Amino acid sequence: MTFTKVNGPNFGSERLGSVWNGLSLSECGINCWTRYSSKCQTFLYNSATGLCTAGSDLRSGALGQSLAPPPDDGHLFAASPCNTSNGFRYVTSASASACILTSDFLLSQIEALQYCQDLDAILFEAPEFEKLELLPPGHMYTLGLTDAAVQDVFVWLEAGLAIDAQYRAKFFQDGDPNNYNQEDCIAYQAGEGGVDYQCGLAMFRFACERPVGK
């Protein structure tokens with residue numbers, strides 16, 4: 001049985017019962033399953049005290065809503081944070097988590113959207129800036145971000161949220177966005193920033209994203 005540490009304040013679960021001494025992380029996970037069978041999809045484990053608490057399915061709160069457990073309760077672990085078929089991986093940073101598949105080939109945004117849809121996924125989105133840390137460095141990745149509907153208003157396609165001025169200032173490279181020849185799509189490289197490009201012509205690597213907790 002494999003459990004993965006869940007990072008990010010938006011994730012949590014409902015407790016299933018009382019606290020017990022789990023002795024170790026692996027014993028905590030095994031005992032959780034023994035006691036609650038398939039109802040145990042997450043658990044809290046405090047490595048300092050050895051205390052363990054069983055939890056229900058992994059849940060994601062609304063933007064800005066914190067579901068994270070109090071620090072004294074321990075870290076949250078999930079048995080299967082996401083559907084990892086087709087090469088998807090559950091990746092985390094200090095402040096974000098996601099279930100993603102990164103490509104090693106190039107597609108336009110239009111093609112990438114369809115590719116991800118065929119895998120029951122969406123093109124990677126990062127309404128919280130810190131989530132961009134999850135993309136591998138060294139390459140540009142096309143994102144599910146566009147200003148096609150309203151010029152210079154960049155909106156995440158699935159989330160329906162526009163980036164604000166503060167996000168924009170951190171996100172784009174110098175000189176971008178410039179809308180040269182109606183560049184309505186966006187690509188981003190970690191450590192370098194984002195650029196706008198023509199949706200149907202330019203091609204980049206991309207990342208597909210599946211929901212966490214489903």
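The values are calculated or read from the model by the stated rules, or taken from the named source; none is laboratory data. All figures in this text were calculated on a predicted structure; none of them were measured in a lab. Positions of Cβ are backbone-derived with ideal geometry, glycine not excepted, and every protein chain shown enters the neighbour counts.
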- Query: Looking at the stretch 186-214, which of its residues are part of a loop (DSSP other than H, G, I, E, B) and under 22 Å from Thr92 (Cβ atoms)?
  - Reply: Ala190, Gly191, Pro211, Val212, Gly213, Lys214
- Test for Ala162: is it in the same structural domain as Ile110 (by TED's automatic domain parsing), surrounded by 13 or more Cβ atoms within 10 Å (Cβ to Cβ) and farther than 14 Å from Thr142 by Cα: yes
- Do any residues in the stretch 13-41 that are assigned by TED's automatic domain parsing to the domain that holds Leu58 and of a type in the set (D, E, K, R) have Cβ atoms under 9 Å from those of residues that are in a loop (DSSP other than H, G, I, E, B) and exposed (fewer than 15 other Cβ atoms within 10 Å of the Cβ), where the two are at least six apart or on different chains, and which pairs are they? Arg35/Gly17
- Item | Lone unmet requirement of (1) touching a Leu at 6+ places or on another chain (Cβ under 8 Å); (2) under 26 Å from Tyr197 (Cα atoms) for Ser103 | (1)
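If you scan the stretch 126-146, which residues turn out to be assigned to a loop (DSSP other than H, G, I, E, B) and surrounded by fewer than 19 Cβ atoms within 10 Å (Cβ to Cβ)? Don't jump to the end; show me each part of the working.
Within the stretch 126-146, the first condition is being assigned to a loop (DSSP other than H, G, I, E, B), and the residues that meet it are 126-128, 135-140.
Correct list: Pro127, Glu128, Pro136, Pro137, Gly138, His139.
Being out of contact with any helix residue (DSSP H, G or I) (no Cβ under 7 Å at 6 or more places or on another chain) and either farther than 24 Å from Ser60 by Cβ or part of a strand (DSSP E or B) (or both) is the filter here, so list the residues in the stretch 99-114 that pass it. Full working, then the answer.
Step one: list which residues in the stretch 99-114 are out of contact with any helix residue (DSSP H, G or I) (no Cβ under 7 Å at 6 or more places or on another chain), which gives 99, 102-106, 108-114.
Passing the criteria: Cys99, Thr102, Ser103, Asp104, Phe105, Leu106, Ser108, Gln109, Ile110, Glu111, Gln114.
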- Message: Exactly one of these conditions fails for Ser66: (1) part of a strand (DSSP E or B); (2) assigned by TED's automatic domain parsing to the domain that holds Ser18. Give me its number.
- Response: (1)
- Restricted to the stretch 44-64, and to residues that are under 22 Å from the mean Cα position of the chain (by Cα) and either polar (S, T, N, Q) or farther than 12 Å from Glu14 by Cβ (or both), which residue is modelled with the lowest pLDDT? Leu63
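Which one of these is among the small types (Gly, Ala, Ser) and either touching a Ser or Thr at 6+ places or on another chain (Cβ under 8 Å) or not assigned by TED's automatic domain parsing to the domain that holds Gly191 (or both): Ala96, Ala112, Ala149? Spell out the reasoning first.
Details: Ala96 fails: either touching a Ser or Thr at 6+ places or on another chain (Cβ under 8 Å) or not assigned by TED's automatic domain parsing to the domain that holds Gly191 (or both); Ala149 fails: either touching a Ser or Thr at 6+ places or on another chain (Cβ under 8 Å) or not assigned by TED's automatic domain parsing to the domain that holds Gly191 (or both).
Unique residue meeting the criteria: Ala112.
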